[in-house]
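**Q** One structure is given below, represented as structure tokens, and several questions about it will come after.
The values are calculated or read from the model by the stated rules, or taken from the named source; none is laboratory data. Keep in mind it's a predicted model, so treat the numbers as computed, not measured. Neighbour counts run over all protein chains shown; Cβ positions are idealised from the backbone, glycine included.
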Amino acid sequence: MLSEEDRRRGAEEILRAEREGKPVLQLSKTFPQMEIEDAYRVQDLWAEARIANGARMVGHKIGLTSRAMQMASKMTEPDYGRILDDALFNDGAQIPATRFIKPRLEVELAFIMGEDLSGPNTRIYDVMRATEYVVPALEIIDYRTEVPRAVVDTIADNAAFGAIVVGGRVIRPMDVDIRWVGATLTKNGIIEESGVSAAIMGHPAAGVAWLVNKLHAVGAKLEKGQIVLAGSFTRPVDIAKGDVITADYGPLGAISVSFT
């Protein structure tokens, strides 16, 4: 375990990477004794600093929802981070590539909460009942530390969250079987990835239920109006300045963004 002073130093390193646009040394190397509890505390301190500087928290993201990613990270469960309002974009946005260090992009679904939801013992049907809308979304992930990374590096780095893009058709959670939402991800006219939402823990709402129960353990909950990125159902695709990205969700519409 780390001291609170070391945790604060870790958060300052992540903030420095953001300011300077350069990755810092992995926190797992700076603090070899770092544990998952420490990593989430570093994330807390990072978020507190960003909010103190004017950002507003608008939701959460869930990562490591696929078994393959958990095995690669030597984890047995997902992780989570915060979504801040200055990292929220709409369909058609022109996003400066320079705001990221090493950006990649994933295809996801976002849940918009219609009411507060707290644990413990939250299940999929609780999530579906509390969700007002589900909307197609893209997550831009980014690394503020050097690679390769231990799972504590990813968690401390706000679960690698960079930005979110929302668009397409807004649906109510029971309008379609959200286990079987399919999508293709096209970069510069070439389909790079495709997937189906059942790849997210068998059901996209399963990750949200997991998050609610994890938040309960630290005295928090999901709040009405918050956005929850449920996890990716495609592999991440590298992006750079000049790229044009389109995610086609079939009946749920499409999202297109460009990187300038």
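**Q** Which pairs turn up if I take residues in the stretch 162-180 that are free of Cβ contacts under 8 Å to residues at least 24 places away in the same chain and look for partners that are part of a strand (DSSP E or B) and acidic (Asp, Glu) with beta carbon separation below 9 Å, at least 6 apart in sequence or on another chain?
**A** Going by the 9 Å Cβ cut-off, there are no qualifying pairs.
**Q** Here's a follow-up. If the requirement is being surrounded by fewer than 16 Cβ atoms within 10 Å (Cβ to Cβ) and modelled with pLDDT of 95 or more, which of these qualifies: Arg172, Arg144? I'd like the intermediate steps shown before the answer.
**A** Working: Arg144 fails: surrounded by fewer than 16 Cβ atoms within 10 Å (Cβ to Cβ).
Only one candidate qualifies: Arg172.
**Q** Let me ask you something else. From the list Ala130, Ala163, Ala93, which residue is out of contact with any Cys (no Cβ under 7 Å at 6 or more places or on another chain) and closer than 23 Å to Trp46 by Cα?
**A** Numbers: Ala130 fails: closer than 23 Å to Trp46 by Cα; Ala93 fails: closer than 23 Å to Trp46 by Cα.
Answer to the check: Ala163.
**Q** Hey, could you check the stretch 56-110 for residues that are at pLDDT 95 or above and over 17 Å from the mean Cα position of the chain (by Cα) and say which is surrounded by the most Cβ atoms within 10 Å (Cβ to Cβ)?
**A** Ile95
**Q** Let me ask something else about it. When you go through (1) closer than 20 Å to Arg104 by Cβ; (2) at pLDDT 95 or above; (3) within 17 Å of the chain's Cα centre (by Cα) one by one for Ile200, which number turns out not to apply?
**A** (2)
**Q** In addition: Being of a type in the set (Gly, Ala, Ser), free of Cβ contacts under 8 Å to residues at least 24 places away in the same chain and either in contact with a strand residue (DSSP E or B) (Cβ under 8 Å, 6 or more places away or on another chain) or in a loop (DSSP other than H, G, I, E, B) (or both) is the requirement here; does Gly219 meet it? Quick ask: steps written out before the conclusion?
**A** Values: of a type in the set (Gly, Ala, Ser): yes; free of Cβ contacts under 8 Å to residues at least 24 places away in the same chain: yes; either in contact with a strand residue (DSSP E or B) (Cβ under 8 Å, 6 or more places away or on another chain) or in a loop (DSSP other than H, G, I, E, B) (or both): yes.
When the stated conditions are applied, Gly219 passes them.
**Q** Here's another thing I want to ask about it. When residues of the stretch 94-140 are filtered for being of a type in the set (D, E, K, R) and not in a loop (DSSP other than H, G, I, E, B), how many remain?
**A** Going through the stretch 94-140, the residues of a type in the set (D, E, K, R) turn out to be 99, 102, 104, 106, 108, 115-116, 123, 126, 129, 132, 139.
Subset that is not in a loop (DSSP other than H, G, I, E, B): 99, 104, 106, 108, 126, 129, 132, 139.
Qualifying residue count, the stretch 94-140: 8.
**Q** Then there is this: Output the number of the condition that Ile190 fails; it satisfies all remaining conditions of (1) closer than 26 Å to Pro103 by Cβ; (2) touching a residue at least 12 places away in the same chain (Cβ under 8 Å); (3) of a type outside the set (Asp, Glu).
**A** (2)
**Q** Tell me yes or no: at least one residue of the stretch 158-165 is under 28 Å from Asp243 (Cα atoms) and either among the polar types (S, T, N, Q) or more than 18 Å from the chain's Cα centre (by Cα) (or both). Steps first, please.
**A** Initial filter on the stretch 158-165 (under 28 Å from Asp243 (Cα atoms)): 158-165.
Okay, now just the ones that are also either among the polar types (S, T, N, Q) or more than 18 Å from the chain's Cα centre (by Cα) (or both), so 158.
So far as the stretch 158-165 goes, yes, one or more of its residues are under 28 Å from Asp243 (Cα atoms) and either among the polar types (S, T, N, Q) or more than 18 Å from the chain's Cα centre (by Cα) (or both).
**Q** Just to be sure, is Thr184 in contact with a strand residue (DSSP E or B) (Cβ under 6 Å, 6 or more places away or on another chain) and over 26 Å from Leu84 (Cβ atoms)? Talk me through it step by step, then tell me what you get.
**A** Numbers: in contact with a strand residue (DSSP E or B) (Cβ under 6 Å, 6 or more places away or on another chain): yes; over 26 Å from Leu84 (Cβ atoms): yes.
So Thr184 fits the description; yes.
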